1. Give region 102-111 a look and list any residue that's closer than 20 Å to Ala149 by Cβ and either open to solvent by less than 10 Å² (accessible area, probe 1.4 Å) or out of contact with any strand residue (DSSP E or B) (no Cβ under 9 Å at 6 or more places or on another chain) (or both), or say none.
2. Does any residue in region 94-113 that is at negative phi come within less than 9 Å, Cβ to Cβ, of a residue that is hydroxyl-bearing (Ser, Thr, Tyr) and outside any strand (DSSP E or B) six or more places away or on a different chain, and which pairs are these?
3. Search region 47-63 for residues being assigned to a strand (DSSP E or B) and surrounded by fewer than 17 Cβ atoms within 10 Å (Cβ to Cβ), and hand back the single one that is nearest to the chain's Cα centre (by Cα).
4. Any residue at all in region 24-33 that is closer than 20 Å to Ala161 by Cβ, small (Gly, Ala, Ser) and either in contact with an Asp or Glu (Cβ under 8 Å, 6 or more places away or on another chain) or modelled with pLDDT under 95 (or both)?
5. Being touching a residue at least 60 places away in the same chain (Cβ under 8 Å) and assigned to a loop (DSSP other than H, G, I, E, B) is the filter; apply it to region 12-46 and report the residue that is least open to solvent (accessible area, probe 1.4 Å).
6. I'm checking my understanding of the structure. Among residues of region 113-172 that are surrounded by fewer than 16 Cβ atoms within 10 Å (Cβ to Cβ) and among the basic types (Lys, Arg), which one is nearest to the chain's Cα centre (by Cα)?
7. Among the residues of region 82-93, which ones are assigned to a strand (DSSP E or B) and surrounded by fewer than 17 Cβ atoms within 10 Å (Cβ to Cβ)?
8. Could you tell me whether Thr104 is polar (S, T, N, Q), over 23 Å from Glu158 (Cα atoms) and out of contact with any Cys (no Cβ under 8 Å at 6 or more places or on another chain)?
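The values are calculated or read from the model by the stated rules, or taken from the named source; none is laboratory data. Everything numeric here is computed off the predicted structure, so don't read it as measured data. Reconstructed Cβ throughout: ideal geometry from the backbone, glycine too, with neighbour counts over all protein chains shown. Just the protein is used for accessible areas: all its heavy atoms, side chains included, with ligands, DNA and RNA removed. Shrake-Rupley method; radii C 1.70, N 1.55, O 1.52, S 1.80 Å.
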Amino acid sequence: MSENSADQERGSERAVVEVVLVKAGRTKIRYPAELLADDGSRIAVRAAWAGDGVRDFGFVRFEPGDVFTEYYWRDRWYSVKEVRAAGGALKGWYCDITRPALRTGAELVVEDLDLDLWRSADGSDVRRLDEDEFAESGLARRDPGAARAAVTALDELEALARAEGGLESLLA
């Protein structure tokens with residue numbers, strides 16, 4: 001979010017959007033989020049953990065009270081979510097490989113393409129996730145162009161996650 005947009009919205013009530021995550025043609029989850037900024041290309045929202053209870057991945061736990069500042073692009077095949085504990089400590093970044101986001105009014109729709117990336121707060125743990133689900137999804141057969149774009153996006157995010165300040169540079 002740019003400082004100007006923050007200054008413009010300071011003192012006024014922020015808009016709420018409904019984030020709709022679609023997977024394999026079905027709505028996987030929908031949740032309200034505070035709209036922080038929309039510059040026409042990148043959309044930033046903030047939301048509390050929307051899952052039921054605790055989700056323990058082994059390398060990170062998402063739990064009630066966690067706050068996600070989420071960044072979506074209309075022209076990129078991914079979203080990046082900064083994850084903070086209820087007390088404000090940075091847990092890391094969870095990145096979803098998606099089709100470009102579509103915002104219509106108060107609804108932000110994102111199609112999840114199964115591939116994910118995690119980067120811990122200290123950068124020591126960068127891992128690609130769900131490549132088996134992606135292979136089993138059949139996207140490469142149904143839509144080879146989208147499958148190529150998804151793999152390219154995952155490669156790009158991994159390179160940024162391993163570079164000092166890389167992911168953070170996307171969010172500044």
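1. Leu108, Val110, listed by residue number.
2. Every condition considered, the pairs that remain are Leu113/Ser137.
3. Ala48
4. Within region 24-33, not a single residue is closer than 20 Å to Ala161 by Cβ, small (Gly, Ala, Ser) and either in contact with an Asp or Glu (Cβ under 8 Å, 6 or more places away or on another chain) or modelled with pLDDT under 95 (or both).
5. Ala15
6. Arg127
7. Scanning region 82-93 gives a single hit, Leu90.
8. Considered against the rule, which asks whether it is polar (S, T, N, Q), over 23 Å from Glu158 (Cα atoms) and out of contact with any Cys (no Cβ under 8 Å at 6 or more places or on another chain), Thr104 comes out as yes.
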